[in-house]
1. Suppose we keep only residues that are within 11 Å of chain A (Cβ to nearest Cβ) and surrounded by 13 or more Cβ atoms within 10 Å (Cβ to Cβ) within segment B:198-215. Which one would you say is farthest from B:Leu181 (Cα to Cα)?
2. Would you pick out the residues in segment A:96-118 that are within 11 Å of another protein chain (Cβ to nearest Cβ) and in a loop (DSSP other than H, G, I, E, B)?
3. Would you please name the residue that is nearest to the other protein chains (Cβ to nearest Cβ), looking only at residues in segment A:192-207 that are more than 16 Å from A:Val140 (Cα to Cα) and assigned to a loop (DSSP other than H, G, I, E, B)?
4. Kindly evaluate A:Val170 against the criterion of being without any contact (Cβ under 8 Å) to a residue 12 or more places away in the chain, in the same structural domain as A:Pro196 (by TED's automatic domain parsing) and of a type in the set (Val, Ile, Thr).
5. Within the group B:Phe284, B:Phe248, B:Phe218, B:Phe312, which residue is at pLDDT 90 or above and over 30 Å from A:Leu73 (Cβ atoms)?
6. Just to verify a result, which residue in segment A:134-162, among those that are surrounded by fewer than 16 Cβ atoms within 10 Å (Cβ to Cβ) and closer than 30 Å to B:Arg214 by Cβ, is nearest to the other protein chains (Cβ to nearest Cβ)?
7. So, in segment A:170-208, of the ones that are charged (D, E, K, R) and touching a strand residue (DSSP E or B) at 6+ places or on another chain (Cβ under 9 Å), which residue ends up nearest to A:Ala234 (Cα to Cα)?
8. Would you be able to say whether some residue in segment A:39-49 is over 16 Å from the mean Cα position of the chain (by Cα) and surrounded by 19 or more Cβ atoms within 10 Å (Cβ to Cβ)?
Amino acid sequence: MYDKLKNLDRRWIFLLMFLSVAIPIIIIGITGQSFPEKPTDLAYSTFNAIEDLKPGDKVLLSFDFDPASEGELGPMATAFTYHCAANELNMYFMALWPVGPQMIDNAIENVIKKDFPDLVYGEDYVNLGFKSGGEGVIKVIVTDFLELFSTDAKGTPFNDIPMNKEISSVQDMDLVINISAGSAGTKEWVQYAVTPYPDEITLVAGCTGVQAPLLYPYIPEQLPGLLGAIKGAAEYEKLVFDKYYRDEGKVVPGRYQEGVRRMGPQLVAHLLMILLIIAGNFIYFVEKKRGVQ
Amino acid sequence: MDRQKLIWTVVFAVGALGLIINALTRDAGSAYVKSVDHEFALVEKGKWVDVESDDALDFDLEGKERIRWSSEEQATYRDYQQSKQAKSDESKYSFSLSMTFGIWVAAMFTLFIMSFLFKDNPFYKFAESVVVGVSAAYWMVVGFWDVIIPNLFGKLSPSFISNWAMPGLSGEADFWYLVPLVLGIMLLWRLAPSGTWISRWPLAFIIGTTAGIRLMGFIHADFLSQIRNSIIPLAVFENGSFLFWDSFLNLVLIIGVLTAIVYFFFSIEHKGVVGKTARVGIWFLMVTFGAAFGYTVMGRIALLAIRLEFLFDDWLWIIDPAMNRIAGI
């Protein structure tokens, strides 16, 4: 047993990990069943930050991620967009990552056009597109949007868009929602937007698992709500779609359950990880006992 | 042919045969589009209105100049099948060769990249090279159209850019933007055969401003604000009653902060009380690293899950969580 484990080809571990993710995906995909989610306080804080807004309030959604992290952040982007649209908030989309506009298009296509076809571009939502410069962009737009966003993503002049007439800087927003895969992302929004203007700018965020531990120190003063990784996405999905679907006796469409669905593979893969860590420690202690250097 | 090569050849042949049968018998991996017609009328000079929109009701569209075109929207296999069963001659749904090709290319590239887990191979190298090349080109094009054109040339000469690239762009020329233009040219000078030292000046400017901006950001958000956030009561009371759990959490936070700081305080040798306190600090740091590792594992598994979902759903049609296809077809 010890020798087998010690000399195990790493490709067997890759195969086990593949199966531990693939099999739950297939079972959940075929049966439509997934594990129950219990939202935590942070998910409630994020949910309530949007619930507390009034119809017509202005929300800036900064989609600072790309396809490489869509597995974690895509479900959050979908749920945030749905929640804002259902609460009749005015949505201003922007991106600090070059592929961010495509992520915005996905959210508009899959949520707004399918479930809120009455919303009008330029009056209810606008896509301001991508601007390079990372934290430099945030530092400028907290005082002046027009300095960098002279047009929207389609090339329409900023001031020709009806809903833009109500804003001149990020400080005019009632809430900023950031979905972040790295730098520039939530950390930079905290550093250059929230911290200098704590009374004017409120930020909630969804981030990748890698970032989450680095952002926890900002909670709750600088960052009242944070969704960490796919677990945070699943909790938030439950809160949003319980309110708008399950509580009204409607079935939640599959496209709004991506986060919850991906928690199944997480459970099995994490169990495998725990077993592998135990096996690794077993080998370590056996070697230590035998005096192997 | 050695045994290993023979096994892999058989595996690939059986896999390819399975894919072909799956594609031919179940249409797996195919994509469909819906044709959408658009018609706009010129109601005033420079103002076009969608004839189907509510805005069109405000105008008399009789005899107005019109423009018509069609675009394609992604459609589901279910819609396509229903349209086919209706046997309508004017079906707006059709098979999309380009999107189908896209799905197969994406699936193949996913497998090429994953094949690295077995061992390095030419398929992986090819996929890696394509990703690097496409990313570099994408960054360059996006940077040109989203930054250089609107934020540099659009500020220096709005009328020229308005006529050439961005209709509707207005405003006065702002010649302060000559400064970034000159700095940008100086930066590119490093590509010239001589005088590469010129590029050091804008580089020095970039490093100086970036360091200044970051320094202020970190001092304000990560140093001063974190000190303020750590000044919390050890005994929490609400409406006169003692809250044990909140007090305990605050106590853990304070102990964690202080002991971790002691660990990084190297002016006193870590012996005696200081050594033991630093040891507690190490435990807190280890717990933090463990939490970070756990989150990272969760993130990586989620990334694997979305790729497998793509392969099983969009490509192989084994699962259909979004109900895009009729069950059983």
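1. So, considering only residues that are within 11 Å of chain A (Cβ to nearest Cβ) and surrounded by 13 or more Cβ atoms within 10 Å (Cβ to Cβ), the one farthest from B:Leu181 (Cα to Cα) is B:Arg214.
2. Of everything in segment A:96-118, those that are within 11 Å of another protein chain (Cβ to nearest Cβ) and in a loop (DSSP other than H, G, I, E, B) turn out to be A:Trp97, A:Pro98, A:Val99, A:Asp118.
3. A:Pro198
4. So A:Val170 does not fit the description; no.
5. Of the residues listed, the single one that is at pLDDT 90 or above and over 30 Å from A:Leu73 (Cβ atoms) is B:Phe248.
6. A:Glu147
7. A:Lys187
8. Looking through segment A:39-49, none of the residues is over 16 Å from the mean Cα position of the chain (by Cα) and surrounded by 19 or more Cβ atoms within 10 Å (Cβ to Cβ).
The values are calculated or read from the model by the stated rules, or taken from the named source; none is laboratory data. Only a predicted model underlies this, so the values are computations on that prediction, with no experimental measurement involved. For neighbour counting, all protein chains shown are included, and Cβ atoms are generated from backbone atoms with ideal geometry for every residue, glycine included.
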